[in-house]
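As structure tokens, the structure follows; a few thoughts come after it.
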Amino acid sequence: MERRDFIKTVGGATGVGALTAMFGSDALGAVETATQRTAGLSALQVAQDEDFWRDIQQAFTVSRGIVNLNSGSSGACPAVVTDSLIRYLWQQEEAPAYQRGVLRPRLEMVRVGLAGLFGCDSEEIALMRSTTEAMQTVLHGLDLQRDDEVLITTQEYPALVGILKRREKRDGIRIKEISIPAPPESLDALVNIFEREMTSKTRLILVSHPTYLNGQLFPIKRICEIAHQRGIEVAVDGAHSFGQIDFKHQDLDCDYYATSLHKWLSAPKGTGMLYVRRNKIGKVWPLTYTPEGMDDNIRKFEMGGAKSYGTFLGITDALAFHHGVGPKRKEERLRYLTHYWAQRLQALSNIHFYTSLEPDMSCAIATIHVEGMQSSVINKYLWDKHNILTAGFNILGINGLRMSPNLFTTLNGLDYFCDVMENVAKNGLPEPYSSM
Ligand SMILES: Cc1ncc(COP(=O)(O)O)c(C=O)c1O
């Protein structure tokens, strides 16, 4: 979608007030000029065009008193999404029992919009509240038998591993965890590891598209190809890929895919999506009651009781915004922002990267550690003393400080982060942090 069309779409959906809030009073002229100036440029070229991104930064209402480098934990909605969400909630509350009947049928447009972006049939998309809810539907719903093996990596999200561990206790399935170096040598190395570990007992692979620890991108399509040849199904944890990376289902070819729309798509909090390949819907048991005749209907996974339909309708506005920015332009901008801070810190000999910056290995998420320091303490120091929001953890030997910028991130913010980190790397942390 052209930038001009984007403004019209967004403006049409929300009204002039919201548009002004997004882009300022002389918005249209500025945006049209930017569009003309960047017409014909590749996504990679636009990624470095600060004038272009300034308008997009202004679309968000995030606090400028904080350098927010933790979009991995939660995305932020642009004003247009928040405005629409509030409007839908007002409408919902006007006469809830009646409005339920008005708003609920419109969720079919959400399904169609998500299927369009994911590149699948809308009858393969279920609307869920989160990645956790979406993926647990698959992990609990599959008919796995005693001694059936589920292959996972050591870097899978703990809540999802926890679901499998429960099945291990309850049903006697076996979890086989593959240790993955951070970063791995190459995508080929990852494929080889998976190929080596698949056995005749393997029924399912659970793998992240990018992992939450270091943003490593996995070669999902190649893993699926080998798995499918052996009759093994693949469930992809896409919490961090939908809306961050520009891809379609055919680029993965997985059987199941779960994502959180409140992360990288910038949709309202409490929205997620589940993809189930059409011919697999019937074999996955729904976790809740479903009426007769719905065995092969993707909507059987959505029967978990009342929902805030207005919240889910907000996804349509997030999709319009996403298409307006352009999925490829967004991916390249996010990668550019990561490389911007990473290149400065790579110059310091006591800072090490858990993330490879090769374009096919990562995008918006990268994780480092400073020699001899606990990343969780640096994380606390950055927040306490500098209003810089990162994620710090020590999980499975990854003593990581994770940065995940977003479209609202400014280069000034990244410069400030780098200044502070250079000082930390050269001079250490001040008291009391140095003795924590
Ligand atoms: C890789 C990964 N999977 C799943 C989740 C869970 O997402 P949600 O809270 O939307 O269920 C997260 C959350 O950060 C995550 O990083």
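The values are calculated or read from the model by the stated rules, or taken from the named source; none is laboratory data. Everything quoted here is computed from the prediction, not taken from an experiment. Neighbour counts are summed over all protein chains in view; Cβ atoms, including those assigned to glycine, are modelled from backbone coordinates with ideal geometry. The protein model used for the area step is the full one, side chains on, heavy atoms only, and it has no ligands, DNA or RNA in it. Shrake-Rupley method; radii C 1.70, N 1.55, O 1.52, S 1.80 Å.
If you take the residues of segment 134-148 that are part of a helix (DSSP H, G or I) and surrounded by fewer than 20 Cβ atoms within 10 Å (Cβ to Cβ), which of them is nearest to the ligand (Cβ to nearest atom)? Ranking the qualifying residues of segment 134-148, first place goes to 140. If I filter segment 47-68 for residues that are within 16 Å of the ligand (Cβ to nearest atom), open to solvent by 20 Å² or more (accessible area, probe 1.4 Å) and within 29 Å of residue 386 (Cα to Cα), do I get at least one hit? The answer is yes; a qualifying residue exists. Listed conditions (1) over 26 Å from residue 321 (Cβ atoms); (2) modelled with pLDDT of 95 or more; (3) open to solvent by less than 70 Å² (accessible area, probe 1.4 Å); (4) of a type in the set (A, V, I, L, M, F, W, C) are all met by residue 395, apart from (2). Screening residue 182 on (1) under 14 Å from residue 149 (Cβ atoms); (2) within 16 Å of the ligand (Cβ to nearest atom); (3) of a type in the set (A, V, I, L, M, F, W, C) shows it passes everything except condition (1).
Matching residues to (1) within 15 Å of the ligand (Cβ to nearest atom); (2) outside the structural domain of residue 210 (by TED's automatic domain parsing); (3) out of contact with any Asp or Glu (no Cβ under 6 Å at 6 or more places or on another chain); (4) open to solvent by less than 50 Å² (accessible area, probe 1.4 Å):
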site	(1), (2), (3), (4)
270	yes, no, yes, yes
278	no, no, no, no
302	no, no, yes, yes
311	yes, no, yes, yes
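Considering every residue within segment 188-206, establish whether at least one is within 16 Å of the ligand (Cβ to nearest atom) and either under 23 Å from residue 70 (Cβ atoms) or touching a His at 6+ places or on another chain (Cβ under 7 Å) (or both). Checking segment 188-206: not a single residue is within 16 Å of the ligand (Cβ to nearest atom) and either under 23 Å from residue 70 (Cβ atoms) or touching a His at 6+ places or on another chain (Cβ under 7 Å) (or both).
Which one is surrounded by the fewest Cβ atoms within 10 Å (Cβ to Cβ), of the residues in segment 90-111 that are among the aliphatic types (A, V, I, L, M) and within 14 Å of residue 317 (Cα to Cα)? By that ranking, first place goes to 109. Within segment 242-252, not a single residue is crowded, with 24+ Cβ neighbours inside 10 Å, closer than 21 Å to residue 136 by Cβ and polar (S, T, N, Q). Every listed requirement among (1) open to solvent by 10 Å² or more (accessible area, probe 1.4 Å); (2) in a loop (DSSP other than H, G, I, E, B) is met by residue 415 save one, (2).
Any chance you could count how many residues in segment 207-258 are among the aromatic types (Phe, Trp, Tyr), within 12 Å of the ligand (Cβ to nearest atom) and in a loop (DSSP other than H, G, I, E, B)? Here the count works out to 2. Among residues that are within 16 Å of the ligand (Cβ to nearest atom) and either part of a helix (DSSP H, G or I) or surrounded by 20 or more Cβ atoms within 10 Å (Cβ to Cβ) (or both), residue 114 is included. Within the span defined as segment 149-160, every residue fails to be away from the ligand (no atom under 16 Å from the Cβ), open to solvent by 10 Å² or more (accessible area, probe 1.4 Å) and assigned to a helix (DSSP H, G or I).
From the list 378, 365, the lone residue that is open to solvent by less than 60 Å² (accessible area, probe 1.4 Å), of a type in the set (Val, Ile, Thr) and within 24 Å of residue 244 (Cβ to Cβ) is 365.
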